[in-house]
Every structure is written in structure tokens, then in C-alpha cells.
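The values are calculated or read from the model by the stated rules, or taken from the named source; none is laboratory data. Everything numeric here is computed off the predicted structure, so don't read it as measured data. Heads up, the Cβs are rebuilt from the backbone with ideal geometry, glycines too, and the neighbour counts pull from every protein chain shown. Ligands, DNA and RNA are excluded from the accessible area calculation, which covers all protein heavy atoms including side chains. Shrake-Rupley method; radii C 1.70, N 1.55, O 1.52, S 1.80 Å.
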Amino acid sequence: MRPNHHQFEAFAYVVREGSFSAAATRLGVTQSTITQHIANLEKGVGTLLLLRGRDGVELTPTGQDFYDLADRMIALSAEVAERLEGFNAMKEGRLKIIGNAPQPALKIIARFQRRFPDIRVDFGLYDWTTAKSMISNRLADVGLITDAPDHEHWEKIHIESARYMIYCRGDHPFAKRVKISLAELEQETVIVPEKGSLTRRLLDRACERYDISLNRVATMTTFPLMCEAVLQGIGVALFLQNSSLIKNNLCEIDIEEMPEARDTSLIATKDRTRLKLVSEFINAAIE
């Protein structure tokens with residue numbers, strides 16, 4: 001039996017949603033229907049496409065190849081449906097947005113939702129390595145990524161540029177400084193994002209280049225948490241300008257060894273930019 005559209009659709013949504021139950025909810029069918037579609041698809045292909053585990057599903061190598069095709073098919077199907085409906089389908093729908101920093105993604109999402117309040121937007125914050133991989137593997141509709149690479153299958157739209165800064169409390173000895181060297185932080189507790197982040201990669205590169213050792217590094221998972229840690233007096237933090245709206249009693253200081261501005265871009269696969277939902281989100285980003 002040859003695989004059919006429903007089997008590919010079920011497969012694509014299991015991967016995108018992360019579980020059989022979530023895919024069933026998204027498609028408005030029972031979980032047993034999804035399970036049957038996947039089983040029949042794997043039977044037709046002749047090998048496993050998904051590995052089921054306690055933490056969700058994982059693609060096999062063959063599954064990854066098939067998922068790329070399945071997701072392209074879903075994107076094309078959605079484009080056809082939009083055209084048949086005369087592009088008036090903005091009363092319902094769902095966008096999956098990812099980013100490696102909350103700003104400017106949240107500002108764009110706010111503008112988009114003021115225009116289209118009935119569209120559901122799911123936003124996930126990931127480290128730079130994971131966010132880049134999710135776009136490559138078609139696990140999100142749009143990404144807001146700093147230092148995003150060029151790719152022949154992606155649209156890449158510049159959103160903003162920002163430098164890395166040191167953030168400290170207003171009563172810290174560094175508070176009135178305009179610029180600081182990383183070498184001056186060797187005895188400070190430096191708060192940074194988790195490993196896999198672009199911040200850690202660039203910080204490690206700068207320290208290696210200038211032979212600087214940061215002896216006390218504290219890892220935090222989110223930018224608001226990093227800001228709160230600074231305000232609580234745990235240490236100083238290093239992250240991009242405008243990464244958080246928390247500004248009260250925080251001072252920004254330029255870093256001598258990291259003067260370059262980093263570009264944040266909107267990334268989406270070219271086939272998805274033809275979808276009305278995605279194109280309207282892009283419009284909100286570039287207005």
C-alpha cells in the first residue's frame with residue numbers, strides 16, 4: 001500500500017508537535033488514528049521512522065529524510081488551501097516561532113497579535129545551536145536568530161544589530177564605567193547563558209584570543225533570570241543589548257574585546273514564506 005496524504009500529515013505533525021497526543025489534538029482526530037497512520041506509513045516505507053521514548057519522539061535517519069518531504073508537502077497543502085479560501089483565513093491558524101533571545105521576537109509577536117488576535121502563536125526560547133538546528137530541521141515556522149548563517153533554502157531578513165555588554169547593578173564599582181576589559185572580570189562572578197548559546201561561543205573565543213581566564217562563571221537559563229541574579233548581587237552578566245526589558249538599576253558597559261555588533265535576523269524556509277501566516281509575521285517584523 002502506497003503512503004497517502006493523511007499518513008504524511010500525521011507523521012509531520014507528530015514530529016512538529018513532539019508527541020502523538022499533541023498531533024492528534026492539532027489535527028482534531030483521535031490518538032489511535034495518528035498511531036494507525038504512522039504504523040501504516042512505516043509499514044509502507046519498510047522501516048521505522050520514529051523512535052518513541054519517555055521524552056517524546058526522535059527521528060531515525062530515514063525518518064529525517066521523510067520528514068523533510070512530509071513538511072514540504074504540508075506547507076504546499078497549506079498554501080493551496082489559502083489560495084482556495086482567497087487569503088481570508090486569518091481568523092484561525094497557528095504559528096510556531098523560536099528564538100535565541102526574547103527580544104526582538106516578543107516585540108514582533110506583540111505587533112502581529114494586535115493585527116491578528118485570533119491566530120495562536122507559540123514561542124520557544126532556545127540556545128543558539130538548538131534554534132539554528134530547529135530551523136534547519138523544519139521544526140518551526142519562523143526563527144529570530146542572532147548571527148544566523150546563510151542557507152540556499154532560507155529567507156533571511158535583517159531585524160536589528162546589537163553589541164554584547166556587561167550588566168551590573170547601579171551600586172557596583174563598575175557602574176560608572178563606559179568600557180571594561182574581560183581581564184578585569186577574572187575575579188568577578190560572570191553570569192552567562194547556558195552552553196550552546198552564541199554568547200558562550202563568542203565569550204570563549206574572545207577569552208582564548210586574549211588569553212583571559214574567567215575563574216567564576218554562573219550559568220543561567222533565561223535573560224530575566226540573569227537580570228534578577230545581577231539585581232540580587234550575585235555577579236555581573238554578559239549578554240546582548242535589548243535582550244531583556246528589565247532595565248531598572250542595571251548599568252550597561254561596553255566590552256573592549258567584544259566591540260562588534262551582532263545581527264539578529266528573521267529566518268524561515270522559502271516555501272513557508274509563501275504562507276499567509278508567515279508572510280504577515282514577516283510584515284510585522286519589518287514595519
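Only one of ALA237, ALA218 is open to solvent by less than 10 Å² (accessible area, probe 1.4 Å), touching a strand residue (DSSP E or B) at 6+ places or on another chain (Cβ under 6 Å) and aliphatic (A, V, I, L, M). Can you tell me which?
Within the list ALA237, ALA218, the selection yields ALA237.
Consider only pairs whose beta carbons are under 8 Å apart and that are at least six residues apart or on different chains; among these, list those whose first residue lies in the stretch 107-131 and is over 12 Å from GLY196 (Cβ atoms) and whose second residue is aromatic (Phe, Trp, Tyr) and outside any helix (DSSP H, G or I).
ILE109/PHE123
Look at ARG209 and say whether it is closer than 20 Å to ALA261 by Cα and either of a type in the set (Asp, Glu) or modelled with pLDDT under 95 (or both).
Considered against the rule, which asks whether it is closer than 20 Å to ALA261 by Cα and either of a type in the set (Asp, Glu) or modelled with pLDDT under 95 (or both), ARG209 comes out as no.
Based on what the data block shows, is SER136 more than 21 Å from LEU106 (Cα to Cα) and in contact with a His (Cβ under 8 Å, 6 or more places away or on another chain)?
Yes: the conditions hold for SER136.
Go through the stretch 123-160 and count every residue that is open to solvent by 60 Å² or more (accessible area, probe 1.4 Å) and either in a strand (DSSP E or B) or in contact with a Leu (Cβ under 7 Å, 6 or more places away or on another chain) (or both).
5
Identify the residue in the stretch 5-34 that is assigned to a helix (DSSP H, G or I) and open to solvent by 60 Å² or more (accessible area, probe 1.4 Å) and, among all such residues, is farthest from ASN137 (Cα to Cα).
Per the stated criteria, the residue is SER32.
When the residues of the stretch 161-189 are filtered to those that are part of a strand (DSSP E or B) and either without any contact (Cβ under 8 Å) to a residue 12 or more places away in the chain or among the small types (Gly, Ala, Ser) (or both), which remaining residue is most open to solvent (accessible area, probe 1.4 Å)?
If we take residues in the stretch 161-189 being part of a strand (DSSP E or B) and either without any contact (Cβ under 8 Å) to a residue 12 or more places away in the chain or among the small types (Gly, Ala, Ser) (or both), then SER161 is most open to solvent (accessible area, probe 1.4 Å).
Could you list, in sequence order, all residues of the stretch 45-80 that are farther than 17 Å from ARG16 by Cβ and either open to solvent by less than 40 Å² (accessible area, probe 1.4 Å) or among the hydroxyl-bearing types (Ser, Thr, Tyr) (or both)?
THR47, THR62
A quick yes/no check of all residues on (1) touching a Phe, Trp or Tyr at 6+ places or on another chain (Cβ under 6 Å); (2) among the basic types (Lys, Arg); (3) part of a loop (DSSP other than H, G, I, E, B):
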{"residue": "GLU208", "(1), (2), (3)": "no, no, no"}
{"residue": "LEU214", "(1), (2), (3)": "no, no, yes"}
{"residue": "THR219", "(1), (2), (3)": "no, no, no"}
{"residue": "LEU225", "(1), (2), (3)": "no, no, no"}
{"residue": "ALA229", "(1), (2), (3)": "no, no, no"}
{"residue": "ILE234", "(1), (2), (3)": "no, no, yes"}
{"residue": "LYS247", "(1), (2), (3)": "no, yes, yes"}
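Return the residues of the stretch 249-265 that are in contact with a Phe, Trp or Tyr (Cβ under 8 Å, 6 or more places away or on another chain) and assigned to a strand (DSSP E or B); say none if nothing qualifies.
Hits for the stretch 249-265 are LEU250, CYS251, GLU252, ILE253, ILE255, ARG262.
State whether the residues of the stretch 248-257 include one that is of a type outside the set (Phe, Trp, Tyr), touching a Gly at 6+ places or on another chain (Cβ under 6 Å) and closer than 30 Å to GLY93 by Cα.
No: the stretch 248-257 contains no residue that is of a type outside the set (Phe, Trp, Tyr), touching a Gly at 6+ places or on another chain (Cβ under 6 Å) and closer than 30 Å to GLY93 by Cα.
Could you run through the stretch 243-262 and say how many residues are open to solvent by less than 70 Å² (accessible area, probe 1.4 Å) and out of contact with any Leu (no Cβ under 6 Å at 6 or more places or on another chain)?
11
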